[in-house]
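So the structure is just underneath, and the comments pick up after that.
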Amino acid sequence: MFKQACRLLTLFSLFTSPVLLASDWQAETSNKHLVVMELFTAEGCGLCPPAEKWVKQLPDKGVTNEDIVVLNFHVDYLDEKKAG
């Protein structure tokens, strides 16, 4: 009888503790939204330098790190002639 009570108590605690702790880790919604921008650059890309220049001018326009996160990825393309 004691073992069954312990098992029931253990099962009950496993299923209820995540529910009770859920309010501790949930984020609050605010009126301000954060923008994530992905910028892919490649060697020889005609559009890349203007895009990078535009991103560098964002602080001058009042856009801060609290407003936008810029992820810059450099893409290398495989030259099929060299790979073969």
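The values are calculated or read from the model by the stated rules, or taken from the named source; none is laboratory data. The structure displayed is predicted, hence computed values, not measured ones. Glycine gets a Cβ as well: all are built from the backbone with ideal geometry, and neighbour counts include every protein chain shown. Please note that ligands, DNA and RNA were not included when accessible areas were found on the heavy atoms of the full protein model with its side chains. Shrake-Rupley method; radii C 1.70, N 1.55, O 1.52, S 1.80 Å.
Summing Lys, Arg as +1 and Asp, Glu as -1, what charge do residues with Cβ under 12 Å from the Cβ of V55 carry, V55 excluded? Mind showing how you got there, number by number?
Values: positive: K53, K56, K61; negative: E38, E52, D60.
Here the charged neighbours net out to 0.
Excluding K32 itself, what net charge comes from residues whose Cβ is under 12 Å from its Cβ, given Lys and Arg +1 and Asp and Glu -1? List each step's numbers first, then the result.
Working: positive: none; negative: E28, E66, D67.
Its environment carries a net charge of -3.
Ranked by accessible surface with a 1.4 Å probe, highest first, in what order do F2, F40 come? Write out the running numbers ahead of the final one.
Numbers: F2 155, F40 115 Å².
The residues order as F2, F40, largest area first.
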